[in-house]
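I have placed the structure first, in the form of structure tokens, so that the comments after it can refer back to it.
The values are calculated or read from the model by the stated rules, or taken from the named source; none is laboratory data. Just so you know, these numbers come straight off a predicted model, no measurement behind them. Here the Cβ positions follow ideal geometry from the backbone for every residue, glycine too, while neighbour counts run over all protein chains shown. SASA here: full protein model, heavy atoms, side chains in, ligands and nucleic acids out. Shrake-Rupley method; radii C 1.70, N 1.55, O 1.52, S 1.80 Å.
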Amino acid sequence: MEENYKASPLKLYSYWMSSCSFRVRLALNLKGLDYEYIPLVEGQQYTPEFMKLNPISYVPVLVDGELVIADSLAIILYLNEKYPHQHPLLPTDLHKKAINYQAASIVHSSIQPHQNQARYIEKEFGPDQKLPWLRYHIGKGFAALEKLLKDYAGRYATGDEVHLADIFLAPQLYAATKRFNIDMIVLDARLWKLF
Amino acid sequence: MGEPQSNCPLKLYSYWRSSCSCRVRIALNLKGLDYEYIPINVVKGEQFSPEFRKLNPIGYVPALVDGDVVISDSFAILLYLDEKYPQRPLLPTDIRKKAINYQAANIVSSSIQPLQNMTILKYIEEKVSPDEKLPWVQCHIGKGFESLEKLLQDYAGRYATGDDVFLADLFLAPQIFTAKGFNVDMNQFPLLSRLDEAYSQLPAFHDAMPEKQPDAPSSSTS
């Protein structure tokens with residue numbers, strides 16, 4: 001098994017600042033999987049070569065031999081099933097598993113897509129609209145996560161081991177604090193402790 | 001907000017027109033699971049009631065109650081249902097095809113649906129004008145549908161990823177329904193149009209569609 005994953009032909013197309021790419025990098029690191037890091041520069045995601053890999057032109061993209069998978073959640077669930085023994089990314093308990101999916105989805109579908117629109121909002125509505133937009137969507141999502149996780153969190157989001165929820169939370173917390181300077185003390189204290 | 005009336009262990013808090021709720025309704029129908037339908041009127045803001053917020057912190061529909069377990073978010077609900085009630089599996093066993101199902105589902109749930117939900121449309125309407133809503137929606141749906149056409153062309157059979165209905169189909173069908181409501185020209189998307197026609201022949205999909213729900217405006221119970 002150890003030989004298999006060290007000889008893995010995994011390639012990750014990634015952008016350094018992309019929180020979606022960050023999630024996959026976390027998963028690969030947790031599972032101890034070697035991979036070739038293929039960085040994209042800004043604009044490269046629209047080249048015909050890259051759009052052949054991912055028609056919607058987003059990073060990350062994982063290439064595993066002949067299989068090409070885009071979307072961080074799809075990639076992470078694939079890695080978790082293909083390499084199940086190294087640091088499982090989901091708990092075995094069905095309800096706790098569902099909480100992890102829910103937390104990941106809140107980030108994946110309710111926060112990050114709107115965060116991604118911030119540049120458009122700034123361009124169309126002015127620079128003074130960008131931060132209120134980000135604060136609203138990130139704040140709403142973090143408030144929901146705070147409530148969702150309060151009965152489950154231990155050292156990490158859903159207990160004392162790192163699972164899927166943490167893989168989605170950490171990059172989102174990084175983006176909120178380091179990129180957008182969202183005031184975490186105002187938003188909530190508990191998620192900040194996880195970070 | 002409607003209150004649970006029956007002793008049925010499965011309860012679904014749903015809005016008739018919500019594509020996220022529709023995904024779950026299809027899954028429940030496919031698996032032959034009885035459930036109590038509890039309507040949440042999002043136009044009237046019932047998703048912000050204290051009772052519903054306790055069930056679902058982010059205030060979106062759908063939310064599933066299964067005995068003592070409460071789960072919101074359609075993706076989480078579908079994977080939970082698939083593991084707890086494995087009849088009529090929602091995912092293929094092949095790990096690669098499974099990944100393509102997740103990818104297609106997430107194109108809908110992250111790259112299309114969040115960009116055309118009520119909150120965003122209200123923002124566009126207020127900040128720009130009501131006339132800008134349709135171009136915005138058609139742009140994002142169009143972009144997502146173009147990528148789905150390309151992604152699925154190597155995998156589609158009778159349905160999105162082969163000759164059986166799987167997770168991708170549960171996300172595609174409601175999104176195509178919504179797209180048609182926004183006058184997206186489906187002629188641009190021949191594969192998705194063909195899939196839409198295939199879904200219309202399936203009772204599990206047909207019965208899950210918005211106009212069939214108890215809280216739809218044409219329903220005598222609404």
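What number of residues within segment A:33-57 satisfy the criterion of being open to solvent by less than 50 Å² (accessible area, probe 1.4 Å), touching a helix residue (DSSP H, G or I) at 6+ places or on another chain (Cβ under 7 Å) and either under 25 Å from B:D94 (Cβ atoms) or facing another protein chain (nearest Cβ under 9 Å) (or both)?
The qualifying residues number 4.
With (1) in contact (Cβ under 8 Å) with a residue 24 or more places away in the chain; (2) within 19 Å of B:V24 (Cβ to Cβ) as the list, and B:K212 as the residue in question, which single condition is left unmet?
Every listed condition holds for B:K212 apart from (1).
Scan A:P84, A:P60 and give me the residue that is surrounded by fewer than 15 Cβ atoms within 10 Å (Cβ to Cβ) and either closer than 17 Å to A:C20 by Cβ or within 11 Å of chain B (Cβ to nearest Cβ) (or both).
So the residue among A:P84, A:P60 that is surrounded by fewer than 15 Cβ atoms within 10 Å (Cβ to Cβ) and either closer than 17 Å to A:C20 by Cβ or within 11 Å of chain B (Cβ to nearest Cβ) (or both) is A:P84.
Out of B:I71, B:I95, which single residue is open to solvent by 10 Å² or more (accessible area, probe 1.4 Å) and β-branched (V, I, T)?
On the way: B:I71 fails: open to solvent by 10 Å² or more (accessible area, probe 1.4 Å).
Only one candidate qualifies: B:I95.
Show me the helices (runs of 4 or more DSSP H) entirely contained within segment B:1-89 in which 2 or more residues are within 11 Å of another protein chain (Cβ to nearest Cβ). Lay out the reasoning, then the answer.
Numbers: elements: B:19-30, B:50-55, B:74-84.
Result: B:50-55, B:74-84.
Would you pick out the residues in segment B:105-118 that are free of Cβ contacts under 8 Å to residues at least 60 places away in the same chain, under 17 Å from A:Y101 (Cβ atoms) and more than 7 Å from chain A (Cβ to nearest Cβ)?
If the condition is that a residue be free of Cβ contacts under 8 Å to residues at least 60 places away in the same chain, under 17 Å from A:Y101 (Cβ atoms) and more than 7 Å from chain A (Cβ to nearest Cβ), then no residue fits.
Out of all the residues in segment A:66-81, which are farther than 15 Å from B:N101 by Cβ and surrounded by 21 or more Cβ atoms within 10 Å (Cβ to Cβ)?
If the condition is that a residue be farther than 15 Å from B:N101 by Cβ and surrounded by 21 or more Cβ atoms within 10 Å (Cβ to Cβ), then A:S72, A:L79 are the ones that fit.
Exactly one of (1) outside any helix (DSSP H, G or I); (2) at the interface with another protein chain (Cβ under 9 Å from one of its Cβ atoms); (3) touching a residue at least 60 places away in the same chain (Cβ under 8 Å) is unmet by B:Y102. Its number?
(1)
Take the residues in segment B:119-147 that are more than 8 Å from every other protein chain (Cβ to nearest Cβ), surrounded by 14 or more Cβ atoms within 10 Å (Cβ to Cβ) and hydrophobic (A, V, I, L, M, F, W, C); name whichever of them is farthest from B:K44 (Cα to Cα).
B:F145
Exactly one condition in (1) surrounded by fewer than 24 Cβ atoms within 10 Å (Cβ to Cβ); (2) modelled with pLDDT of 95 or more; (3) of a type outside the set (D, E); (4) within 30 Å of A:G139 (Cα to Cα) is false for B:V65; which is it?
It fails just one condition, (2).
Does any residue of segment A:90-104 turn out to be at pLDDT 95 or above, of a type outside the set (S, T, Y), open to solvent by less than 20 Å² (accessible area, probe 1.4 Å) and in a loop (DSSP other than H, G, I, E, B)?
Looking through segment A:90-104, at least one residue is at pLDDT 95 or above, of a type outside the set (S, T, Y), open to solvent by less than 20 Å² (accessible area, probe 1.4 Å) and in a loop (DSSP other than H, G, I, E, B).
Condition first: at the interface with chain B (Cβ under 7 Å from one of its Cβ atoms) and touching a His at 6+ places or on another chain (Cβ under 9 Å). Now tell me which residues in segment A:87-111 satisfy that. Show your work before the answer.
Looking only at segment A:87-111, we keep the residues that are at the interface with chain B (Cβ under 7 Å from one of its Cβ atoms), and these are A:94-95, A:98, A:101-102, A:105-106, A:108-110.
A:S110, the sole residue that qualifies.
Among (1) open to solvent by 10 Å² or more (accessible area, probe 1.4 Å); (2) at pLDDT below 90; (3) within 11 Å of chain B (Cβ to nearest Cβ), where does A:H114 come up short?
(1) is the only condition that A:H114 fails.
Which one of the conditions (1) closer than 29 Å to A:V107 by Cα; (2) under 18 Å from the mean Cα position of the chain (by Cα); (3) open to solvent by 70 Å² or more (accessible area, probe 1.4 Å); (4) of a type outside the set (F, W, Y) does B:P203 fail to meet, given that it meets all the rest?
That leaves (1) as the condition not met.
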